[in-house]
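Peer 1: The structure follows.
The values are calculated or read from the model by the stated rules, or taken from the named source; none is laboratory data. Because the structure is a prediction, the values reported are computed rather than measured. Here the Cβ is made from the backbone with ideal geometry for all residues, glycine too, and neighbour counts use every protein chain on show. Side chains included, ligands, DNA and RNA excluded: accessible areas come from the protein's heavy atoms. Shrake-Rupley method; radii C 1.70, N 1.55, O 1.52, S 1.80 Å.
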Amino acid sequence: MENDILNYDGIKNKLNTEYIGRNLNYHDSINSTNLRAKAIALDEPEGTVIISDEQTQGIGRLGRNWTSPKGKGLYMSIILKPEVEAENVSKITLIGAAAVTKALEDMEINSGIKWPNDIVINGKKVSGVLTEMSCESYRVNYVVMGIGVNVNLDREDIPHDLRDKATSLKIVTDKEINRQLLLANILNRFEELYNEFKSGHISTTIEICRKKSVLLGEEVRIIKDKETKIGKAIEINSKGQLVVQFQNGVVENIISGEVSIRGMDGYI
Ligand code: BT5
């Protein structure tokens, strides 16, 4: 697609934000936008975005990797400096996931959220969020929220071992998607929801996560360290925790970041 460079000039006409994405550092290629964002976070203003056309060492949660082929996806990280206690930072992952689904809805693409950090379409993952922070005791120095979206990947761009659980917007819509527009939409949606969070509320994000959830009402396997437990996802509570009822009747609130969640027969 022509005119698809993800620099500031390419998106500024579509950006409605006050501060998210106004300082945008574009790279042709980088190891990981999260690594870069963490390296410069203390010196850059809130809302700075690091974006790259390709990542050579894209990272997922818990030491996993993120496949990031050149010119095909969105790979970005936003530097944030919220004045909140560290325990609230995991909510930023939900804000990122909600922003991606709303941005896709703005482009008439329907998607679901697999709590806490996956965006899925037709049962396969199209996007993931990775939130990292630096803090001293309870004080947050900075947060880096990374988002990866599989935009114009063809089937061959997805590694063999991921083909049954990963997809792209191009594969599901059968159309080439404008990455600049999607990027601007995500940043616009993110700023709205993040401003609400900074003012002490998160209800709009939680509503979106509930409405779009692919887990609520389903049997799930909760994987923590090496242990797997089976339960039913019954609610996302007002703190953004997943409420699960286990087979022995015990109800637990799960905090994002601690666990991996799988459906009973496959990825969802
Ligand atoms: C995530 O981790 O979903 C977080 C991904 C965050 C990526 C962004 S890109 C910009 C920023 N810079 C970075 O370096 N990272 C962030 P997790 O839930 O752990 O999922 C990772 C798992 O998803 C892997 O173990 C694979 O199974 C699968 N996977 C890897 N690449 C994928 C892709 N492109 N699409 C779908 N699934 C993928």
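Peer 1: Would you confirm whether or not segment 10-18 contains a residue that is away from the ligand (no atom under 12 Å from the Cβ), over 19 Å from the mean Cα position of the chain (by Cα), farther than 22 Å from N178 by Cα and in contact (Cβ under 8 Å) with a residue 12 or more places away in the chain?
Peer 2: yes
Peer 1: I'd like the residue in segment 73-88 that is outside any helix (DSSP H, G or I) and farther than 20 Å from G21 by Cα and, out of all such residues, is farthest from the ligand (Cβ to nearest atom).
Peer 2: E85
Peer 1: Additional query: Among residues belonging to segment 23-48 that are part of a strand (DSSP E or B) and buried (at least 21 other Cβ atoms within 10 Å of the Cβ), point out the one that is farthest from the ligand (Cβ to nearest atom).
Peer 2: L24
Peer 1: Quick check on segment 58-72: of everything there that is in contact with a Ser or Thr (Cβ under 8 Å, 6 or more places away or on another chain) and more than 7 Å from the ligand (Cβ to nearest atom), which residue is least open to solvent (accessible area, probe 1.4 Å)?
Peer 2: K72
Peer 1: A further question follows. Output the residues belonging to segment 171-190 that are within 13 Å of the ligand (Cβ to nearest atom) and either open to solvent by 20 Å² or more (accessible area, probe 1.4 Å) or in contact with a Leu (Cβ under 7 Å, 6 or more places away or on another chain) (or both). Let's see the steps before the verdict.
Peer 2: Narrowing segment 171-190 to residues within 13 Å of the ligand (Cβ to nearest atom): 171-172, 183, 186.
Matches in segment 171-190: I171, V172, L183.
Listed here are the residues, each with its yes/no results for (1) more than 14 Å from V129 (Cα to Cα); (2) modelled with pLDDT of 95 or more; (3) in contact with a strand residue (DSSP E or B) (Cβ under 8 Å, 6 or more places away or on another chain).
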| residue | (1), (2), (3) |
| --- | --- |
| I30 | yes, yes, yes |
| N34 | no, yes, yes |
| I40 | yes, yes, yes |
| I50 | yes, yes, yes |
| R61 | no, no, yes |
| P69 | yes, yes, no |
| Y75 | no, yes, yes |
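Peer 1: Condition first: surrounded by fewer than 21 Cβ atoms within 10 Å (Cβ to Cβ), part of a loop (DSSP other than H, G, I, E, B) and β-branched (V, I, T). Can you find one or more residues in segment 243-256 that meet it?
Peer 2: Checked segment 243-256: at least one residue is surrounded by fewer than 21 Cβ atoms within 10 Å (Cβ to Cβ), part of a loop (DSSP other than H, G, I, E, B) and β-branched (V, I, T).
Peer 1: Mind checking which strands (runs of 3 or more DSSP E) fall wholly inside segment 102-168 and carry at least 2 residues that are open to solvent by 40 Å² or more (accessible area, probe 1.4 Å)?
Peer 2: 124-136
Peer 1: Identify, by number, the condition in (1) open to solvent by 50 Å² or more (accessible area, probe 1.4 Å); (2) at pLDDT 95 or above; (3) assigned to a strand (DSSP E or B) that S238 doesn't meet.
Peer 2: (3)
Residue-by-condition table, conditions (1) without any contact (Cβ under 8 Å) to a residue 24 or more places away in the chain; (2) assigned to a helix (DSSP H, G or I); (3) under 19 Å from A86 (Cα atoms); (4) touching an Asp or Glu at 6+ places or on another chain (Cβ under 9 Å):
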residue: K175; (1), (2), (3), (4): yes, no, no, no
residue: Q180; (1), (2), (3), (4): no, yes, no, yes
residue: A184; (1), (2), (3), (4): no, yes, no, no
residue: L187; (1), (2), (3), (4): no, yes, no, no
residue: F190; (1), (2), (3), (4): no, yes, no, no
residue: N195; (1), (2), (3), (4): yes, yes, yes, yes
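Peer 1: Here is a follow-up. Run down V172, V144 and say which single residue is β-branched (V, I, T) and farther than 24 Å from N16 by Cβ.
Peer 2: Working: V144 fails: farther than 24 Å from N16 by Cβ.
Exactly one of V172, V144 is β-branched (V, I, T) and farther than 24 Å from N16 by Cβ, namely V172.
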